[in-house]
Amino acid sequence: MDDDNRELWGTDETATFLRVPKATLYQWRHRSYGPRGRRVGRYLRYDPREVRAWFEAQDEDHDSLASPR
């Protein structure tokens, strides 16, 4: 799953990277949560750069919630 060649990921690759079930990606999409996915015809595709950026942002969100008051 090397994203240097700018290929898009499908749900399998995205779920594998995030280590979540594919069903979780679909639930997140339904709830407007998770990395941005785009429809290409009947297929759902993810930009690996956006998936990684979303993943990194989750850590930042967690850090802001965990900071002392």
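We did not get these values from a lab; they are worked out from the coordinates using the rules stated. The structure presented is a predicted model; accordingly, all values stated were derived computationally and were not measured. Cβ placement follows ideal geometry from the backbone for every residue including glycine, while neighbour counts extend to all protein chains displayed.
What the phi angles of the stretch 30-39 give under the Karplus curve with 6.51, -1.76 and 1.60, with θ = phi - 60°, is a coupling list of 4, 8, 6, 10, x, x, 5, x, 10, 7 Hz, glycine and proline written as x. Applying 0.36 nm per residue to the separation of residue 54 and residue 42 and subtracting their alpha-carbon distance, the gain on full extension is 2.0 nm.
Highest mean first, what order results for 52-60, 28-36 on Cβ atoms within 10 Å?
Numbers: 52-60: 11.7, 28-36: 13.4.
Per-residue Cβ counts within 10 Å, averaged per peptide and sorted highest first, yield 28-36, 52-60.
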